[in-house]
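One structure is given below, encoded as structure tokens.
The values are calculated or read from the model by the stated rules, or taken from the named source; none is laboratory data. Since this is a predicted model, take the numbers as computed values, not measurements. Cβ atoms come from the backbone with ideal geometry, glycine included; neighbour counts cover every protein chain shown. The protein model used for the area step is the full one, side chains on, heavy atoms only, and it has no ligands, DNA or RNA in it. Shrake-Rupley method; radii C 1.70, N 1.55, O 1.52, S 1.80 Å.
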Amino acid sequence: EPLEPRPGFDLRSALRHELNINFLLQSSGQLVERAAPAFEVHSQQQLDNGVRELQIRLNDTQLGNIPALLILPPGSGPFPTLLALPGHGQNPRQWLDSISSHEITERNFALMVLGIRAYDSHIKEHQASLTLLCQGFSLIGLRVSEAMSALAFIEQHPSLRGDRIGLLGHSGGSTALNLLVHLSSVPRALVSDLRSDYFNFQEIEGRYYLLDETHIGLHRLSPLINQAATAPVPTLDVEYGAPEGLAPLLDFLAQHLKP
């Protein structure tokens, strides 16, 4: 049964335990934020409006290679930065094409969009989820750890403001970022369009496929995770897909990412 909120409960420790990610966060026996990964720039281009677009890959020694798209406004920065996690079935380019991304750079935000592995709501995601759960881990734990690696990258990049990071989630990306704000002290604000009970399957042609967020321990903790009013950072919950557009989301993020 899901847990009811109670005073004094340490949600961060409980989440780290359930996700089994403490081994990724330890240095000399102490829990720390993730170390910054090395990275490679695969391609870059400058658009007509002076915006720069870089396809990069984070080379995390524990998590492997994490693809990402990095969008930089005109100028040298450093820029306040939004870390975005797309929804199922979306790569960074598809997610960018679904929004008015120029509004982000016009507000002088940099944007980093992670590519997410085994994210098809089908066989690959089902097999990866099941295998990891049977080993005492989870695919949602991997998602969160990848996002923490991205935060560490942003913190050390000279063009990005590591002290002014906002999170922008869509669908399955929101379910990971809703966890991330309870696990990392780096982000300063969150926009989310989906709350989850962390028990989710996809039905396709009469067959059921396990989705990455499904985790019995997180299911029990979901009432605590989903209390936006008591989240450790300012949180804006919006309608799924943000049909009202980016403007109110960016207004909220700008308010909370001020110097």
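Structure data summary
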| item | result |
| --- | --- |
| Selection within the stretch 245-259 - in a helix (DSSP H, G or I) and open to solvent by less than 20 Å² (accessible area, probe 1.4 Å) | 249, 250, 253 |
| Flag if residue 78 is of a type outside the set (A, V, I, L, M), in contact with a strand residue (DSSP E or B) (Cβ under 8 Å, 6 or more places away or on another chain), open to solvent by less than 50 Å² (accessible area, probe 1.4 Å) and in contact (Cβ under 8 Å) with a residue 24 or more places away in the chain | no |
| Residue in the stretch 167-177 that is more than 20 Å from residue 89 (Cβ to Cβ), of a type in the set (Val, Ile, Thr) and either under 11 Å from the mean Cα position of the chain (by Cα) or open to solvent by less than 30 Å² (accessible area, probe 1.4 Å) (or both) present | no |
| Test: residue in the stretch 219-239 that is part of a loop (DSSP other than H, G, I, E, B), among the hydroxyl-bearing types (Ser, Thr, Tyr) and modelled with pLDDT of 95 or more | no |
| Hey, residue 216 more than 19 Å from the chain's Cα centre (by Cα), under 27 Å from residue 117 (Cβ atoms) and not hydroxyl-bearing (Ser, Thr, Tyr) or not | yes |
| Scope the stretch 188-210; condition surrounded by 24 or more Cβ atoms within 10 Å (Cβ to Cβ) and more than 13 Å from residue 226 (Cβ to Cβ); matching residues | 191 |
| Positions within the stretch 50-85 being touching a Pro at 6+ places or on another chain (Cβ under 7 Å) and assigned to a loop (DSSP other than H, G, I, E, B), in sequence order | 50, 51, 78 |
| Counted residues, the stretch 8-67 - those being modelled with pLDDT of 90 or more, of a type outside the set (D, E, K, R), surrounded by 15 or more Cβ atoms within 10 Å (Cβ to Cβ) and in contact with a strand residue (DSSP E or B) (Cβ under 8 Å, 6 or more places away or on another chain) | 9 |
| Counted residues, the stretch 116-139 - those being surrounded by fewer than 21 Cβ atoms within 10 Å (Cβ to Cβ) and closer than 24 Å to residue 152 by Cβ | 5 |
| Filter result for residue 158 (open to solvent by less than 40 Å² (accessible area, probe 1.4 Å) and not in a helix (DSSP H, G or I)) | no |
| The one condition in (1) under 16 Å from the mean Cα position of the chain (by Cα); (2) of a type outside the set (S, T, N, Q); (3) within 30 Å of residue 13 (Cα to Cα) that residue 35 fails to fulfil | (1) |
| Test set (1) closer than 20 Å to residue 166 by Cα; (2) open to solvent by 10 Å² or more (accessible area, probe 1.4 Å); (3) not hydroxyl-bearing (Ser, Thr, Tyr) - residue 112 fails condition number | (2) |
| Hey, residue 147 assigned to a helix (DSSP H, G or I), touching a helix residue (DSSP H, G or I) at 6+ places or on another chain (Cβ under 7 Å), farther than 19 Å from residue 33 by Cα and among the small types (Gly, Ala, Ser) or not | no |
| Residue among 104, 66, 123, 71 that alone is closer than 23 Å to residue 240 by Cβ and touching a residue at least 40 places away in the same chain (Cβ under 8 Å) | 104 |
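Every residue, every condition in (1) in contact with a Lys or Arg (Cβ under 8 Å, 6 or more places away or on another chain); (2) farther than 16 Å from residue 175 by Cβ, yes or no:
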residue	(1), (2)
44	yes, yes
58	no, yes
135	no, yes
144	no, no
